[in-house]
Amino acid sequence: MKELFYFLIYPGMAFAATMGGLLSWFDRKVTAWVQFRKGPPFLQPLYDFLKLLLVKETIVPAKGSITVFLIAPMLGLFGAIMSAVLILLPAMNISAGFSGDVIVIFYLLNIPPLAYIMGAMASGNPLAAVGASREIKLIISYELTFILALAAVIYKGGMSVGLVDIIAAQSGGAFIGSASGILLFLAVIFCLQAKLGLVPFDIAEAETEINHGSFIEYSGAPYAMIVLTKYIMLFTLPAFVAVLLLGGLSIEGIGIIYSILKILGVVILLTLIRNTNPRVKIHQAMRFFFVWMNLLVIAAIVLSFYGF
Amino acid sequence: MGLKEHVFKKSLWLFHFAGASCNNCDIELLDCLTPRYDVERFGMKLVGTIRHADVLLVNGSINKRDKDRLLEIYHQAPKPILTVAIGACGCSGGIFAEGYTNAGPVDELIPIDAFIPGCPPKPEAIIAGIVHLVNKKKSNNIKQNDKVLSNEDQ
């Protein structure tokens with residue numbers, strides 16, 4: 001019963017989706033401010049989601065695999081909610097989690113992109129296939145950087161593979177206060193940008209060249225599921241960064257303000273990067289992660305070995 | 001006003017279909033997204049695929065090649081879909097109305113919910129047309145349009 005409550009209401013679906021919707025509005029509003037516009041109204045993410053869910057017709061492609069096409073958004077939503085629950089339970093000090101949950105979270109965070117790939121491949125649309133192949137290349141490029149960064153954080157946290165121990169290791173001072181922590185933060189921010197499909201790395205859903213790529217055939221309720229997944233990921237991933245490098249989240253007393261500021265800070269950084277950069281090509285993205293970001297993370301690991 | 005209609009009006013996503021246009025209407029349409037006019041205030045945004053769209057914006061004169069593509073796009077759209085004809089060519093055929101390649105004004109091919117005349121219409125006129133569109137009665141807004149001509153009809 002408690003697990004169901006965790007999954008559906010409090011750190012899970014309802015809470016993470018609400019927070020993610022707010023962050024999505026915040027992201028669009030900051031974008032509007034950067035461009036000297038006024039921006040969407042406060043409830044815009046809710047309107048978008050409800051419109052897709054309730055009003056619009058769902059079209060399934062005639063020449064695709066319909067079952068996989070419709071199951072893939074559910075699978076992505078499940079992965080996003082599970083990772084949100086496993087990150088937020090230890091982060092908000094509700095329950096202790098278990099040893100090795102960082103590895104489980106790493107795999108769960110991969111489920112939404114894999115679900116997008118499945119759905120795109122099942123839709124039978126050539127542009128969706130292009131988007132899916134680009135998504136695969138993007139996953140191959142950023143995942144090595146991300147797992148190396150996780151390894152560096154685990155090393156800094158005293159070789160313990162558990163979010164609770166990582167948070168406890170930062171009670172004296174967050175990891176970002178050290179030189180290696182700053183390098184890791186940079187690398188992880190770019191990984192987030194690619195995981196969320198934001199602009200320098202939105203090659204998989206490039207609106208202007210391949211018309212939303214992986215999501216081109218989705219309409220109605222399945223697309224609402226994808227939008228919800230994106231909201232949840234927009235909250236989950238900054239929360240994960242806050243846990244890994246910024247000293248964790250807290251919901252007691254004054255800590256709640258610091259938690260909100262940490263997540264808003266990460267989201268503002270992502271939004272500003274997205275508004276000031278053009279879309280890169282696939283080979284540029286792969287080279288960026290394979291060469292430069294991996295070098296950055298390895299330098300961070302070496303620095304943390306020498307205690308910086 | 002029901003919840004469905006309310007959320008639909010608050011989040012109209014636009015898909016832009018340009019026929020054989022001289023590009024003036026396209027430019028004025030893009031002006032609506034710029035900081036000065038900013039239709040994102042009303043929750044509108046331009047999407048790249050008809051499957052996500054709630055409003056089909058048609059401008060330019062529709063010639064015989066465009067007609068098939070317009071009908072295909074219209075049939076691919078998830079219902080309910082609103083349609084807007086923009087500019088003199090979209091509304092009536094404009095100076096191409098008598099031309100031998102012209103397939104007729106847009107409202108003879110698909111049902112149109114709002115006309116925005118002008119050559120080109122100013123962004124203010126386009127926004128006024130959109131406001132007119134969202135204030136229309138429910139019976140016109142959410143319905144299955146069934147009087148569409150198929151590709152073989154004409």
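The values are calculated or read from the model by the stated rules, or taken from the named source; none is laboratory data. Model, not experiment: these values are computed from the prediction. Cβ coordinates were reconstructed from backbone atoms using ideal geometry, including for glycine residues, and neighbour counts include every protein chain displayed.
Residues that are buried (at least 16 other Cβ atoms within 10 Å of the Cβ), touching a Phe, Trp or Tyr at 6+ places or on another chain (Cβ under 9 Å) and over 26 Å from residue A:199 (Cα atoms) do occur in the range A:248-268, at least one of them.
Inspection of the range B:14-34 identifies at least one residue that is small (Gly, Ala, Ser), modelled with pLDDT under 85 and either out of contact with any Asp or Glu (no Cβ under 9 Å at 6 or more places or on another chain) or more than 25 Å from residue B:122 (Cβ to Cβ) (or both).
In this entry, residue A:209 passes the filter for residues that are within 14 Å of chain B (Cβ to nearest Cβ) and either modelled with pLDDT of 85 or more or surrounded by fewer than 22 Cβ atoms within 10 Å (Cβ to Cβ) (or both).
In the range A:222-264, which residues are closer than 16 Å to residue A:106 by Cα, of a type in the set (A, V, I, L, M) and not in a loop (DSSP other than H, G, I, E, B)?
Result: A:232, A:233, A:234, A:237, A:239, A:241, A:242, A:243, A:244.
The listed residues are A:136, A:111, and the only one of them that is within 27 Å of residue A:203 (Cα to Cα), in contact (Cβ under 8 Å) with a residue 24 or more places away in the chain and surrounded by fewer than 23 Cβ atoms within 10 Å (Cβ to Cβ) turns out to be A:111. Only one of the numbered conditions (1) within 14 Å of another protein chain (Cβ to nearest Cβ); (2) buried (at least 17 other Cβ atoms within 10 Å of the Cβ) is violated by residue A:33, and that is (2). Could you tell me whether the range A:246-261 includes any residue that is over 26 Å from residue A:94 (Cα atoms) and either charged (D, E, K, R) or within 14 Å of another protein chain (Cβ to nearest Cβ) (or both)? No; the residues of the range A:246-261 include none that is over 26 Å from residue A:94 (Cα atoms) and either charged (D, E, K, R) or within 14 Å of another protein chain (Cβ to nearest Cβ) (or both).
Among the conditions (1) over 19 Å from residue A:24 (Cα atoms); (2) in a helix (DSSP H, G or I), residue A:280 misses just one, which is (2).
Looking only at the range A:249-257, decide whether some residue is among the small types (Gly, Ala, Ser) and more than 30 Å from residue A:172 (Cβ to Cβ). No - not one qualifying residue is present in the range A:249-257. Just one of the listed residues (B:38, B:31) is facing chain A (nearest Cβ under 9 Å) and of a type in the set (Asp, Glu), namely B:38.
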